[in-house]
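Worksheet: the structure to be examined is printed underneath.
The values are calculated or read from the model by the stated rules, or taken from the named source; none is laboratory data. These numbers come from a predicted model, not from an experiment. Glycine gets a Cβ as well: all are built from the backbone with ideal geometry, and neighbour counts include every protein chain shown. Heads up: the accessible areas ignore ligands, DNA and RNA and are worked out on the full protein's heavy atoms, side chains in. Shrake-Rupley method; radii C 1.70, N 1.55, O 1.52, S 1.80 Å.
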Amino acid sequence: MSTIDYAEDEPKNPPDSGSQKISAPAALRNREVIAGAIDEFLPKQGNVLELASGTGEHVCFFAQRFAHLKWQPTDMDPSRLASIESHAAAEQLPNLAAPISLNVAEDVWHSRDADVILAINLLHVAPKSVTRTVMSGASNVLHGGGALIFYGPFMLNGTFSTESNRQFDSYLREKNPEWGLRDIADLDHAANAVGLARVALIDMPANNNLVVYQKRDVTPLD
Ligand SMILES: C[S@@+](CC[C@H](N)C(=O)[O-])C[C@H]1O[C@@H](n2cnc3c(N)ncnc32)[C@H](O)[C@@H]1O
(Lines give C-alpha, C1' and ligand atoms only; values in the text may rest on other atoms or scores of the structure.)
Protein backbone atom coordinates (compact mmCIF):
# COMPACT_ATOMS: atom_id res chain seq x y z
CA MET A 1 0.00 0.00 0.00
CA SER A 2 1.31 3.48 -0.79
CA THR A 3 0.71 6.48 1.43
CA ILE A 4 -0.42 9.96 0.49
CA ASP A 5 0.06 13.25 2.30
CA TYR A 6 -2.80 15.55 1.40
CA ALA A 7 -0.71 18.61 2.19
CA GLU A 8 1.18 17.54 -0.93
CA ASP A 9 -1.58 15.50 -2.57
CA GLU A 10 0.97 13.20 -4.19
CA PRO A 11 1.60 9.56 -3.35
CA LYS A 12 4.84 9.32 -1.38
CA ASN A 13 5.58 5.93 -2.91
CA PRO A 14 4.41 4.52 -6.22
CA PRO A 15 1.60 2.00 -5.70
CA ASP A 16 3.10 -1.43 -5.11
CA SER A 17 2.21 -4.08 -7.64
CA GLY A 18 0.29 -6.21 -5.16
CA SER A 19 -2.28 -3.65 -4.08
CA GLN A 20 -3.91 -0.55 -5.46
CA LYS A 21 -4.71 0.64 -1.95
CA ILE A 22 -3.49 4.11 -1.05
CA SER A 23 -3.47 5.24 2.57
CA ALA A 24 -3.77 8.84 3.76
CA PRO A 25 -2.54 9.34 7.33
CA ALA A 26 -4.65 12.52 7.48
CA ALA A 27 -7.82 10.56 6.68
CA LEU A 28 -7.00 8.02 9.38
CA ARG A 29 -6.43 10.86 11.87
CA ASN A 30 -9.58 12.88 11.18
CA ARG A 31 -12.18 10.21 10.36
CA GLU A 32 -13.30 9.72 13.98
CA VAL A 33 -13.85 13.40 14.66
CA ILE A 34 -15.61 13.91 11.32
CA ALA A 35 -17.91 10.95 12.02
CA GLY A 36 -18.79 12.48 15.40
CA ALA A 37 -19.61 15.83 13.79
CA ILE A 38 -21.66 14.63 10.80
CA ASP A 39 -23.76 12.25 12.92
CA GLU A 40 -26.42 14.86 13.72
CA PHE A 41 -26.91 15.73 10.03
CA LEU A 42 -27.43 12.16 8.84
CA PRO A 43 -30.94 10.77 8.33
CA LYS A 44 -32.31 7.53 9.78
CA GLN A 45 -32.19 5.97 6.32
CA GLY A 46 -31.14 6.88 2.81
CA ASN A 47 -28.19 7.38 0.48
CA VAL A 48 -25.00 9.31 1.08
CA LEU A 49 -23.01 10.42 -1.95
CA GLU A 50 -19.37 11.15 -1.14
CA LEU A 51 -17.54 13.49 -3.54
CA ALA A 52 -13.77 13.18 -4.01
CA SER A 53 -13.50 10.08 -1.82
CA GLY A 54 -9.72 9.93 -2.26
CA THR A 55 -8.23 6.74 -0.84
CA GLY A 56 -11.62 5.34 0.22
CA GLU A 57 -10.62 5.09 3.87
CA HIS A 58 -13.21 7.62 5.01
CA VAL A 59 -16.11 5.98 3.22
CA CYS A 60 -15.22 2.49 4.51
CA PHE A 61 -15.08 3.85 8.05
CA PHE A 62 -18.34 5.79 7.72
CA ALA A 63 -20.15 2.86 6.08
CA GLN A 64 -19.28 0.72 9.11
CA ARG A 65 -20.12 3.44 11.63
CA PHE A 66 -23.39 4.43 9.91
CA ALA A 67 -24.49 1.02 8.68
CA HIS A 68 -28.13 2.15 8.36
CA LEU A 69 -27.18 4.31 5.36
CA LYS A 70 -26.10 3.39 1.82
CA TRP A 71 -22.76 4.95 0.86
CA GLN A 72 -21.69 5.86 -2.67
CA PRO A 73 -18.02 6.83 -3.06
CA THR A 74 -16.82 8.81 -6.10
CA ASP A 75 -13.68 10.49 -7.41
CA MET A 76 -12.40 11.63 -10.79
CA ASP A 77 -8.92 10.11 -10.49
CA PRO A 78 -8.60 6.50 -11.71
CA SER A 79 -5.88 5.70 -9.13
CA ARG A 80 -8.18 6.90 -6.33
CA LEU A 81 -11.09 4.88 -7.75
CA ALA A 82 -8.85 1.79 -7.76
CA SER A 83 -7.82 2.48 -4.17
CA ILE A 84 -11.44 2.90 -3.05
CA GLU A 85 -12.29 -0.39 -4.75
CA SER A 86 -9.40 -2.19 -3.01
CA HIS A 87 -10.27 -0.85 0.44
CA ALA A 88 -13.94 -1.67 -0.12
CA ALA A 89 -13.14 -5.20 -1.32
CA ALA A 90 -11.25 -5.82 1.90
CA GLU A 91 -14.19 -4.66 4.03
CA GLN A 92 -17.06 -6.38 2.16
CA LEU A 93 -19.71 -3.98 3.44
CA PRO A 94 -23.23 -4.57 2.12
CA ASN A 95 -24.11 -0.86 2.34
CA LEU A 96 -21.06 0.37 0.40
CA ALA A 97 -21.50 0.68 -3.37
CA ALA A 98 -18.71 0.32 -5.92
CA PRO A 99 -17.03 3.68 -6.58
CA ILE A 100 -18.11 5.68 -9.59
CA SER A 101 -16.21 8.26 -11.59
CA LEU A 102 -17.56 11.74 -10.95
CA ASN A 103 -15.84 14.97 -11.94
CA VAL A 104 -17.44 17.63 -9.79
CA ALA A 105 -16.16 20.36 -12.11
CA GLU A 106 -18.71 19.25 -14.67
CA ASP A 107 -22.05 21.01 -14.73
CA VAL A 108 -24.13 17.85 -15.09
CA TRP A 109 -23.52 14.93 -12.74
CA HIS A 110 -24.59 11.47 -13.80
CA SER A 111 -25.34 10.36 -10.30
CA ARG A 112 -28.23 8.89 -8.40
CA ASP A 113 -30.33 10.94 -6.03
CA ALA A 114 -28.90 11.44 -2.56
CA ASP A 115 -30.19 12.34 0.86
CA VAL A 116 -26.77 13.60 1.94
CA ILE A 117 -23.68 14.71 0.01
CA LEU A 118 -20.32 14.76 1.76
CA ALA A 119 -17.18 16.51 0.50
CA ILE A 120 -14.06 16.29 2.66
CA ASN A 121 -10.98 18.34 1.80
CA LEU A 122 -12.11 19.03 -1.75
CA LEU A 123 -12.72 22.71 -2.47
CA HIS A 124 -9.20 23.99 -1.68
CA VAL A 125 -7.57 21.54 -4.11
CA ALA A 126 -9.83 22.48 -7.00
CA PRO A 127 -10.34 25.69 -9.01
CA LYS A 128 -12.63 28.33 -7.51
CA SER A 129 -15.26 27.57 -10.18
CA VAL A 130 -15.73 24.13 -8.62
CA THR A 131 -17.52 25.74 -5.67
CA ARG A 132 -20.28 26.72 -8.09
CA THR A 133 -20.46 23.37 -9.88
CA VAL A 134 -20.53 21.48 -6.58
CA MET A 135 -23.39 23.63 -5.33
CA SER A 136 -25.43 23.26 -8.52
CA GLY A 137 -24.61 19.55 -8.90
CA ALA A 138 -25.55 18.94 -5.29
CA SER A 139 -28.76 20.90 -5.62
CA ASN A 140 -29.77 18.75 -8.61
CA VAL A 141 -28.94 15.47 -6.88
CA LEU A 142 -30.21 16.16 -3.35
CA HIS A 143 -33.75 15.42 -2.25
CA GLY A 144 -35.66 18.31 -0.66
CA GLY A 145 -34.42 18.73 2.91
CA GLY A 146 -31.17 16.90 2.10
CA ALA A 147 -27.80 18.06 3.44
CA LEU A 148 -24.56 19.02 1.70
CA ILE A 149 -21.67 18.74 4.15
CA PHE A 150 -18.16 20.14 3.64
CA TYR A 151 -15.19 19.49 5.88
CA GLY A 152 -11.88 21.27 5.45
CA PRO A 153 -10.02 24.54 5.98
CA PHE A 154 -11.91 27.68 4.94
CA MET A 155 -11.74 31.48 5.13
CA LEU A 156 -14.60 33.54 6.50
CA ASN A 157 -15.41 37.01 5.09
CA GLY A 158 -11.93 37.41 3.62
CA THR A 159 -10.12 36.42 6.80
CA PHE A 160 -8.01 33.40 7.66
CA SER A 161 -8.92 31.93 11.04
CA THR A 162 -5.26 31.21 11.82
CA GLU A 163 -1.77 32.00 10.57
CA SER A 164 -1.26 28.36 9.68
CA ASN A 165 -4.32 28.45 7.39
CA ARG A 166 -2.86 31.54 5.69
CA GLN A 167 0.42 29.69 5.17
CA PHE A 168 -1.42 26.62 3.90
CA ASP A 169 -3.27 28.82 1.40
CA SER A 170 0.05 30.27 0.11
CA TYR A 171 1.49 26.79 -0.12
CA LEU A 172 -1.49 25.58 -2.16
CA ARG A 173 -1.37 28.59 -4.51
CA GLU A 174 2.34 28.06 -5.13
CA LYS A 175 1.65 24.47 -5.99
CA ASN A 176 -1.27 25.32 -8.25
CA PRO A 177 -2.41 28.93 -8.81
CA GLU A 178 -6.00 27.72 -9.14
CA TRP A 179 -6.01 26.14 -5.67
CA GLY A 180 -6.51 27.86 -2.34
CA LEU A 181 -8.77 28.11 0.68
CA ARG A 182 -12.33 29.06 -0.22
CA ASP A 183 -14.34 31.69 1.60
CA ILE A 184 -17.51 30.55 3.33
CA ALA A 185 -19.18 33.79 2.20
CA ASP A 186 -18.59 32.69 -1.43
CA LEU A 187 -19.93 29.22 -0.63
CA ASP A 188 -23.05 30.83 0.86
CA HIS A 189 -23.53 32.97 -2.24
CA ALA A 190 -23.20 29.99 -4.63
CA ALA A 191 -25.43 27.86 -2.39
CA ASN A 192 -28.19 30.42 -2.09
CA ALA A 193 -28.31 30.82 -5.88
CA VAL A 194 -29.34 27.16 -6.25
CA GLY A 195 -31.75 26.78 -3.35
CA LEU A 196 -29.35 25.69 -0.62
CA ALA A 197 -29.07 27.46 2.73
CA ARG A 198 -26.32 27.19 5.33
CA VAL A 199 -27.61 25.56 8.50
CA ALA A 200 -24.35 24.97 10.41
CA LEU A 201 -20.78 26.19 10.71
CA ILE A 202 -18.78 24.21 13.22
CA ASP A 203 -15.17 24.69 14.32
CA MET A 204 -13.23 21.45 14.02
CA PRO A 205 -9.74 20.46 15.20
CA ALA A 206 -6.63 21.50 13.26
CA ASN A 207 -8.18 24.76 11.93
CA ASN A 208 -10.87 23.01 9.93
CA ASN A 209 -14.61 23.62 9.71
CA LEU A 210 -17.70 21.58 9.07
CA VAL A 211 -20.03 23.62 6.85
CA VAL A 212 -23.52 22.28 6.27
CA TYR A 213 -26.10 23.38 3.70
CA GLN A 214 -29.64 22.16 3.35
CA LYS A 215 -31.76 22.00 0.22
CA ARG A 216 -35.07 23.74 0.62
CA ASP A 217 -37.92 21.32 1.03
CA VAL A 218 -40.29 21.61 -1.88
CA THR A 219 -43.64 22.61 -0.46
CA PRO A 220 -46.44 20.83 -2.30
CA LEU A 221 -48.99 23.08 -3.99
CA ASP A 222 -52.47 22.80 -2.54
C1 LIG B 1 -7.14 16.33 -0.72
S2 LIG B 1 -7.84 14.92 -1.47
C3 LIG B 1 -9.13 14.50 -0.30
C4 LIG B 1 -9.59 13.08 -0.42
C5 LIG B 1 -10.54 12.60 0.69
N6 LIG B 1 -11.80 13.29 0.63
C7 LIG B 1 -9.90 12.76 2.04
O8 LIG B 1 -10.17 13.75 2.72
O9 LIG B 1 -9.11 11.87 2.41
C10 LIG B 1 -8.68 15.62 -2.82
C11 LIG B 1 -9.43 14.64 -3.68
O12 LIG B 1 -10.22 15.39 -4.57
C13 LIG B 1 -10.27 14.71 -5.80
N14 LIG B 1 -10.66 15.71 -6.80
C15 LIG B 1 -10.02 16.85 -7.15
N16 LIG B 1 -10.70 17.50 -8.11
C17 LIG B 1 -11.82 16.75 -8.36
C18 LIG B 1 -12.91 16.88 -9.26
N19 LIG B 1 -13.00 17.92 -10.11
N20 LIG B 1 -13.87 15.93 -9.26
C21 LIG B 1 -13.79 14.88 -8.42
N22 LIG B 1 -12.76 14.68 -7.55
C23 LIG B 1 -11.79 15.61 -7.53
C24 LIG B 1 -8.84 14.19 -5.96
O25 LIG B 1 -8.78 13.15 -6.91
C26 LIG B 1 -8.56 13.72 -4.54
O27 LIG B 1 -8.96 12.40 -4.35
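What the table below lists for this structure:
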{"read-out": "Computed over the chain: relative contact order in percent, which uses C-alpha pairs under 8 Å that are six or more apart", "value": "15 percent"}
{"read-out": "Within the chain, helix-based [θ] at 222 nm, where runs of 4 or more DSSP H residues each add -39,500 (n - 2.57), nearest 500", "value": "-10000 deg cm²/dmol"}
{"read-out": "Surface accessible to a 1.4 Å probe, per residue, for the residues of region 100-201, Å²", "value": "44 Å²"}
{"read-out": "Per residue value of the accessible surface for region 31-79 (all protein chains in place, 1.4 Å probe), Å²", "value": "42 Å²"}
{"read-out": "For the chain, average projected area of the Cα convex hull in nm²", "value": "12.3 nm²"}
{"read-out": "Region 116-222, accessible surface, carbon-and-sulfur percent (1.4 angstrom probe)", "value": "51 percent"}
{"read-out": "For G46, distant residues with modelled amide H under 5 Å away", "value": "K70"}
{"read-out": "Per DSSP, loop GluC sites (Glu not before Pro) in region 104-184 with at most 16 further Cβ within 10 Å", "value": "E106, E178"}
{"read-out": "Percent antiparallel among DSSP beta bridges (both partners in the chain, rounded to 5)", "value": "45 percent"}
{"read-out": "Positive-end residue, the chain charge dipole about Cα centroid, Cβ charges, pick of Y151, I100, A114", "value": "A114"}
{"read-out": "Amide hydrogen neighbours beyond the local backbone of N209, cut-off 5 Å, H modeled", "value": "G152, F154, M204"}
{"read-out": "E57 accessible area, assembled protein chains, probe 1.4 Å, Å²", "value": "20 Å²"}
{"read-out": "Distant-in-sequence amide H partners of I100 (H built 1.01 Å from N, under 5 Å)", "value": "T74, D75"}
